[in-house]
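Please treat every number below as a calculation from the coordinates, not as lab data. Model, not experiment: these values are computed from the prediction. Glycine gets a Cβ as well: all are built from the backbone with ideal geometry, and neighbour counts include every protein chain shown.
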């Protein structure tokens, strides 16, 4: 079975002195937890709006609409945010590769 977070190759030195980035390994798990929370929040808005329907139909309709907007918009903006974080870590990884190539080139 494939591990969700691969911690092989991480030592305490890497963790405490920031020699290796730890966040890219757990960003997927955090994204899915965020997505579950967003969908749960949207569903709570939708179902609580049904209770509001006996008092005000317009408010209930607005609540149902806001629940769907929360689910769809929240999912999209969360994905964009986490992709931007992944891009930053990808840039960092590529800069580390360039620095390593440059240092091996200088040693030769």
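Here is how the numbers come out for the structure above:
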read-out: Any hit, the stretch 39-54, residues being surrounded by 13 or more Cβ atoms within 10 Å (Cβ to Cβ) and in a loop (DSSP other than H, G, I, E, B); value: yes
read-out: The stretch 55-108: number of residues that are more than 20 Å from the chain's Cα centre (by Cα), over 24 Å from residue 36 (Cα atoms) and assigned to a helix (DSSP H, G or I); value: 17
